[in-house]
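Structure record follows, encoded as structure tokens.
The values are calculated or read from the model by the stated rules, or taken from the named source; none is laboratory data. From a predicted model like this one, the values you see are computed outputs, not experimental measurements. Cβ: placed from backbone, ideal geometry, glycine included. Neighbour counts: every protein chain shown.
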Amino acid sequence: MKILLIDSPSALRDRMDPPRAFMPLALLYLASILEREGYRVRIYDPKLSASLFKTGDYFYFGDSLDIVGQKIKSFSPDIVGISVLFSRDFDNALKVASVVKEVNKDIKVIMGGAHPSCAPVECLSNPYVDIVVVGEGERAIIEILQCIKNGKPLEGVEGIAYKKDGKVMVNEPREFIQDLDELPLPAYHLVDMERYFALQRKGFASRPFGGKRSVSIITSRGCPYNCVFCPIHLTMGRKWRAHSAEYVLAHIKLLVESYNAQCVEFEDDALAHNRIRFEKIIDGILENDFKISWGTPNGVRADTINDPKLLEKMKNSGCAYINIGVESGQQKVLSKIITKNLSLDAVKSVARLCKKLNIQLSAYYVVGFPGETMDDIRVTLEFALELDKKYNVYPYVNYAIPFLGTRLHILCKEKGYLTEEVNAKSLLNTTHFRGKGLIRTEEFNPQILKKALVEFHHRFIKNRVIKMWGLPRFIFKDAQIAFKNPHLARRILIGR
């Protein structure tokens, strides 16, 4: 049985929306499991062509559908798995599924990833999708293939949804993998690593502020915290599970020795949740003299790294930058509305320490939650400006996005706060840097929020220019990025 795993082409709002070539980590893990079980598997990432063209009102980043069809036909798979990491790419994933059926209607199409896990019934309402994996896929895919191979029904396979006699059937959820070390290392040999590195140099990096020859890894799954807007619980659960430090160091060693990786991006949702494990990883990087830089692009909690000795050790091991999730500069909003049990005092402390140690620090903020007032939002924006002014903490401010299935989405539906249906198109528009929010309450609407954020960005740029001692580094860093990728140039000028 031959399996072809395809990463979805990216959907872009316009030419100012930067195309990025994400290394398909989820598919690399799936492929390693499939190979271990004796299946013939191939990974196909249409984005590696770096082709960009307009389709209707939007842009499409990846191979054309004609080329996608040729790739499928040349491999002649029995099964095609399609990964949908971002909801904004769901429509493109459906286009790929339709091409699969055009090549051969008997090919089974299995869809997985964050979006299908949150909306399996929606996925299966499409005639081109046969099965959806809900949550982790490593164990589910093996059981699915065994059923298909042996002609057995899918009723007993946990963690999936499928069609039976024209009806959508949703099975019982699957228990999450507790011992992540049982998973083999990702099958990097099945993708063109040098092509990803080449695209990074050309400005298509998935994490454009990382280092050269950068590779993203995930060392843990699940998140024990309870932010109202976060969809991670729907796909990876609330219980935090982690690879051992030894497994993580073996993973890094493979990347360094086999692929000359120079930067590791830790994409975990709670990287430093277990302090002992986290320090073992840092100690191992130092002891093995890996000579890598590393960062936390997905964000870590400030209170898990609020320790001068830990931060100093992180820097010595190659930590080039840290992103922290602050969300709100108003403590009552943070605690009662977002339900994030985080003290802003810890945020300020980490900001001071990172400035002292010369570690680049950025912070994520989210505004526009039901229950917030415009005064609350202004407090957050002032907090972000103050941290940048005092400690050079680069602010990323985003609208609150009611992702499908989250508590925020449920609340907005119940209260009638959504300005439009949450789907691939609306999410593509709202996550675009010139987009607007999807939430309207008695206190604000998307137009008011957008005006506040535009004013914030103007003040941020003005502060950076006035702060002359920071100007050379600021200009040099952003000029390098813009030079490599003109799609980012306009974003830089208006403050991203």
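Of note:
- Segment 341-367, subset over 18 Å from LYS389 (Cβ atoms) and surrounded by 20 or more Cβ atoms within 10 Å (Cβ to Cβ), residue nearest to the chain's Cα centre (by Cα): VAL366
- Residues (free of Cβ contacts under 8 Å to residues at least 12 places away in the same chain and among the acidic types (Asp, Glu)) located in segment 325-355: ASP345
- Which listed residue, of SER76, SER117, SER87, is modelled with pLDDT of 95 or more and among the small types (Gly, Ala, Ser): SER76
- Residue count for segment 151-206, restricted to those that are over 25 Å from the mean Cα position of the chain (by Cα) and among the small types (Gly, Ala, Ser): 3.
- Test: residue in segment 280-287 that is part of a loop (DSSP other than H, G, I, E, B), at pLDDT 95 or above and surrounded by fewer than 17 Cβ atoms within 10 Å (Cβ to Cβ): no
- Search result, residues across segment 328-351 that are of a type outside the set (A, V, I, L, M, F, W, C) and closer than 22 Å to ARG459 by Cα: SER328, GLY329, GLN330, LYS348
- Residues that are in a helix (DSSP H, G or I) and either at pLDDT below 95 or not hydroxyl-bearing (Ser, Thr, Tyr) (or both), drawn from segment 245-266: ALA245, GLU246, VAL248, LEU249, ALA250, HIS251, ILE252, LYS253, LEU254, LEU255, VAL256, GLU257
- Any hit, segment 12-34, residues being at positive phi and surrounded by fewer than 20 Cβ atoms within 10 Å (Cβ to Cβ): no
- Checked against the criterion of being part of a helix (DSSP H, G or I), aliphatic (A, V, I, L, M) and assigned by TED's automatic domain parsing to the domain that holds HIS251, the candidates LEU271, LEU310 yield just one match: LEU310.
- The sole residue among VAL157, VAL129 that is aliphatic (A, V, I, L, M), in a loop (DSSP other than H, G, I, E, B), assigned by TED's automatic domain parsing to the domain that holds ASP78 and closer than 24 Å to PRO184 by Cα is VAL157.
- Residue in segment 142-149 that is assigned to a helix (DSSP H, G or I) and crowded, with 19+ Cβ neighbours inside 10 Å present: yes
- Residues satisfying the criterion are absent from segment 383-391 (criterion: at pLDDT 95 or above, assigned by TED's automatic domain parsing to the domain that holds VAL465, more than 30 Å from MET314 (Cα to Cα) and surrounded by fewer than 17 Cβ atoms within 10 Å (Cβ to Cβ)).
- Selection over segment 219-239 of residues that are in contact (Cβ under 8 Å) with a residue 40 or more places away in the chain, of a type outside the set (Ser, Thr, Tyr) and in a loop (DSSP other than H, G, I, E, B) gives a count of 11.
- Meets criteria (in contact with a Pro (Cβ under 9 Å, 6 or more places away or on another chain), assigned by TED's automatic domain parsing to the domain that holds THR235 and not β-branched (Val, Ile, Thr)) for TYR365: yes
- Residue count for segment 230-244, restricted to those that are in contact with a Gly (Cβ under 6 Å, 6 or more places away or on another chain) and either of a type in the set (Ser, Thr, Tyr) or at pLDDT 95 or above (or both): 3
- THR380 within 25 Å of the chain's Cα centre (by Cα), farther than 25 Å from HIS458 by Cα and assigned by TED's automatic domain parsing to the domain that holds ALA452: no
- Enumeration of residues in segment 165-218 that are more than 17 Å from MET236 (Cβ to Cβ), at pLDDT 95 or above, part of a loop (DSSP other than H, G, I, E, B) and among the hydrophobic types (A, V, I, L, M, F, W, C): LEU185, ALA187, VAL191
- Take the conditions (1) under 27 Å from ALA261 (Cβ atoms); (2) touching a helix residue (DSSP H, G or I) at 6+ places or on another chain (Cβ under 6 Å); (3) among the β-branched types (Val, Ile, Thr); VAL300 misses just one of them, which is (2).
- The helices (runs of 4 or more DSSP H) falling completely within segment 348-455 that include 3 or more residues that are touching a helix residue (DSSP H, G or I) at 6+ places or on another chain (Cβ under 7 Å) map to 374-391, 424-431.
- Only residues that are without any contact (Cβ under 8 Å) to a residue 60 or more places away in the chain, more than 23 Å from GLN200 (Cα to Cα) and not polar (S, T, N, Q) were counted across segment 28-66, and they come to 6.
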